[in-house]
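For reference, the structure is listed below as C-alpha cells.
Rule-based calculations on the coordinates, nothing more; no lab input. No experiment lies behind these values; they were computed from the predicted model shown. Glycine also receives a Cβ, built like all others from the backbone with ideal geometry; neighbour counts cover every protein chain displayed.
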Amino acid sequence: MKLYAVRTGLVRAGDNLVDAVLTALERQNLSLEDNDVLVLASKVVAYAQGRIVRLNDVKPSKEAVELAEKFSLQKELAELILRETEKIYGGVEKALLTLKNHVLTVNAGIDNKNAPIGHVTLWPQNLKEAVRQLREEIVYKTGRRVAVVIVDSGLIPLRRGTMGIALAVAGFNPIKDCRGLKDLYGKEIVITQHAVAEDLACAAHLLMGESIEETPVVLVKEAPLEFDDGVYGPEDLALPQSECVFMKAFKADN
C-alpha cells in the first residue's frame, strides 16, 4: 500500500473541494486510478461547507456559562457544544466527552485549531450524503472509480494522543467481518470485526499531521480493501451501545 500526502493550501468557505483536490494532485504529478482511495480531513470538508462559526456571534445560555465555569471552557464554545452534541458524559479541563453522530468525541467535534482567530469549525453536515456527493463528483470529473473517506482526529480510552477515525466512507466496505473464520489453531473467531476504514484513517492521519502541514488529503494506492459502490455514514460504522464494552462497563459501574 502506498500513501501520498497532498498539499492543497488553504481551502476556504464556498470553495469547490473536488476541484481543489484535483488541482493539488495535478500539481504534485499524482494521477488517479480505479480503486484508489482519497482520504479527506473532516475539517477541509467543513470549510467547504461553510461550517465555520465566529465565537463573538454566539450568545451563551445560562447552562453554557455553568458548563464553561466547571470545565474551564470559553462560554461561547460551551454553547456550541450544547447545540451540536447529543449527550455530554462529563469531562476534564477544556475537554468534554460527548456523543455526536454515533461517535464518542471531544467537544462534539468542534475545534479552534487551524481555524481563523476567534473562530471554530464544526463537524461537516450530513456526512453520509457529503461523502457520497464527493465520490460521485470525483468519479464524474476523472472517470476513475475511486473511493472516498472523511476522517477526523479521535481518542482511544487511556491512550495518550490523537489518532485517525473514519466518519464516513464511500466506495469500499469499511468493516471486514471475521466472525466464523478460523484462527491459526483452527478455533472459530467469535466476535472480531476488523475496522479497515479506521486503519486507513490512522495511516492517513499520520501524514496529515495536526498543525501547519496543509495536507488535508491523502491519496492511497493498492489498499487491501473490498471495493464496492456502498456509502456508509456514522450510523453504519457505529456499534450499538448495548454491544460496546466501554459503554456497557461504564453504565454498569454507575
Completion exercise
With the label point 7 Å along the Cα-to-beta-carbon line of Asn112 and a cut-off under 15 Å to each amide N, the hits in the range 74-95 are 74-81, 93-95
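If I take every Cα pair under 8 Å that is 6 or more residues apart in the chain, average their sequence separation and divide by the length, what percent do I get for the relative contact order?
Rounded, it is 26 percent for the chain.
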Handout entry: Estimated distance in nm for a label pair at His102 and Leu181, the labels positioned 7 Å out from Cα along Cα-to-Cβ
Key = 2.2
Handout entry: Two-site label geometry, Tyr4 and Thr162: point separation in nm, points 7 Å out along Cα→Cβ
Key = 2.5
Exercise for the section: Filter the trypsin sites (Lys or Arg not before Pro) in the range 80-141 down to the DSSP loop ones having no more than 15 other Cβ atoms within 10 Å, then list what survives. Expected result: Lys94, Lys113
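By per-residue mean of other Cβ atoms within 10 Å, what is the highest-first order of 241-250, 196-205? Don't skip to the end; give the middle numbers.
Details: 241-250: 11.7, 196-205: 21.7.
For the peptides 241-250, 196-205, the packing ranking is 196-205, 241-250.
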Problem - Those GluC sites (Glu not before Pro) in the range 52-115 that DSSP places in a loop and that have at most 15 other beta carbons within 10 Å - result: Glu86, Glu93
Exercise for the section: Apply the Karplus parameterisation 6.51 cos²θ - 1.76 cosθ + 1.60, with θ equal to phi minus 60°, to every residue of the range 61-68 and state each ³J(HN,Hα) to the nearest whole Hz, in sequence, with x for glycine and proline. Expected result: 7, 4, 4, 5, 4, 5, 5, 5
Problem - Model label zone, Ile212; criterion: amide N under 17 Å from point 7 Å along Cα-to-beta-carbon; scope the range 1-15 - result: 7-11
Exercise for the section: Return the long-range amide H neighbours of Gly91 (sequence gap of 5 or more, or a different chain), with a cut-off of under 5 Å between placed amide H atoms. Expected result: Leu97
